[in-house]
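Take a look at the structure set out below.
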Amino acid sequence: MTKVDLKSMDREELSRFVLSLSQPKFRAKQIADFLRRGVSSFEEMHTLPAALRKILEERAFLNQLTVERKLISRLDGTVKYLFRLMDGECVETVLMRYHHGNTVCISSQVGCRMGCSFCASTIGGKVRDLTPSEMEEQVRMAALDTGERVDNIVVMGIGEPFDNFDNLLKFLYNVNDPERLGIGMRHITVSTCGVIPGIRRLMEEELQLTLAISLHAADSEQRSRIMPVNARYPLPELMDVCREYQRKTGRRMTYEFALISGVNDDSETAKRLAALLKGQLCHVNLIPVNPVKERGFSVPSAERIAQFQAVLEQHRIPATVRRTLGADINASCGQLRRQTKQRGDELAK
Ligand code: SAH
């Protein structure tokens, strides 16, 4: 019999599970309290009868991440974790310190199958999806390890969240539960490369989170050159669904635009981007591309980036250049996991 993942259960599932063990209902609350306090074994649930602890041991497990590597930026205090999952796979999580509080960037999959040409996370393909508890534990572990509050969550680490929709949604509700980490939806951002069915499903939930779209191009042809996902979900359709999403939820959209020298950093592209987003309630995050060794892309000059931003602003499209945090610790997602994997591969040879 496979054991159930207790930390992935929401309140209702936990109640049902406890009832299925012929236990009184209040046990569910007791167990939930222990989980919130971050116990790592059933043994620590000392107010439960020993018989129940034994049953739990047999029927369930407590998902746990261990710190495989941890890097702290000397420049800005950004902390990057490589967490090892229970099956030996690794994912990256980053804690960033902003003036508006601490933001934790979590991974949603081990690897990624979206194939964006500038991204390190997708190089080895997708290994597997993360479970709701593995996503939540990244946040909890970052808080525990630093002893600090987590104010915001961004799902912008390794993986495509909408390629793992059900687990993502469950994680969002669980992490939002005031009896758990209680992170408000307005403090959560989910980023997608443009998987339209996921955007549609999220729209039905009408959550107050921020949806970020990785655009990186101003027309379909340009986008197809760097993002294979554009063949399946072409830019015009993506824009239609984004406008619909914005109308339905009332939330301002975020568009991410990684500026790559000689690929998408020219004023013409900026103008086309402004035309594309005209009339939308949105914000553009300009991200100087993080050069990934295997990819060979380079970052535009500061002047060129400023010029791109200026064109957008001339057209009244709000745009900010994202500050690079943790530049000294390879904080861009996917790079640490790859380094460690390569080292492991070399050792295995
Ligand atoms: N799969 C999701 C979320 C993970 S990637 C998505 O695509 O949105 C988080 C963001 O980092 C995305 O905007 C992604 O395109 C961007 N990104 C990936 N590699 C990058 C790199 N080398 N430099 C700058 N941004 C990068």
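Of note:
- Test: residue in region 229-240 that is among the small types (G, A, S), part of a helix (DSSP H, G or I), more than 16 Å from the ligand (Cβ to nearest atom) and at pLDDT 95 or above: no
- Only a single item in (1) touching a residue at least 12 places away in the same chain (Cβ under 8 Å); (2) surrounded by fewer than 18 Cβ atoms within 10 Å (Cβ to Cβ); (3) under 27 Å from I72 (Cβ atoms); (4) touching a strand residue (DSSP E or B) at 6+ places or on another chain (Cβ under 9 Å) is not met by R295, and it is number (4).
- Count of residues meeting criterion [within 14 Å of the ligand (Cβ to nearest atom) and assigned to a helix (DSSP H, G or I)] in region 200-214: 1
- Filtered residues of region 298-320 (kept if part of a strand (DSSP E or B) and crowded, with 17+ Cβ neighbours inside 10 Å): A319
- Note on region 86-104: residues that are within 21 Å of S133 (Cβ to Cβ) and more than 16 Å from the chain's Cα centre (by Cα) total 4.
- Residue in region 270-291 that is nearest to the ligand (Cβ to nearest atom), counting only those that are buried (at least 21 other Cβ atoms within 10 Å of the Cβ) and not in a strand (DSSP E or B): V289
- Tally, over region 187-199, of residues that are closer than 27 Å to A143 by Cα and in a helix (DSSP H, G or I): 1
- Checked against the criteria, L56 counts as of a type in the set (A, V, I, L, M, F, W, C), outside any loop (DSSP other than H, G, I, E, B) and crowded, with 22+ Cβ neighbours inside 10 Å.
- Cβ separations smaller than 8 Å between residues 6+ apart or across chains give the following pairs from region 139-153 residues that are basic (K, R) to residues that are assigned to a strand (DSSP E or B): R149/G101; R149/N102.
- S22 being under 29 Å from the mean Cα position of the chain (by Cα), of a type outside the set (K, R) and surrounded by fewer than 12 Cβ atoms within 10 Å (Cβ to Cβ): no
- Some residue of region 157-164 being on the phi > 0 side of the Ramachandran plot, within 14 Å of the chain's Cα centre (by Cα) and either surrounded by fewer than 19 Cβ atoms within 10 Å (Cβ to Cβ) or in contact (Cβ under 8 Å) with a residue 24 or more places away in the chain (or both): yes
- Candidates in region 241-268 are the residues that are of a type in the set (S, T, N, Q) and within 16 Å of the ligand (Cβ to nearest atom); of these, the one that is surrounded by the fewest Cβ atoms within 10 Å (Cβ to Cβ) is S261.
- Residues that are modelled with pLDDT under 75 and either at positive phi or surrounded by fewer than 16 Cβ atoms within 10 Å (Cβ to Cβ) (or both) within region 328-340 comprise N330, G334, listed in sequence order.
- Scope region 292-320; condition of a type in the set (A, V, I, L, M, F, W, C) and within 12 Å of the ligand (Cβ to nearest atom); matching residues: V292, F297, V299
The values are calculated or read from the model by the stated rules, or taken from the named source; none is laboratory data. Here the structure is a predicted model, which is why all the values come from computation and not from measurement. Using ideal geometry, Cβ is built from the backbone for each residue, glycine included, and neighbour counts are taken over all protein chains shown.
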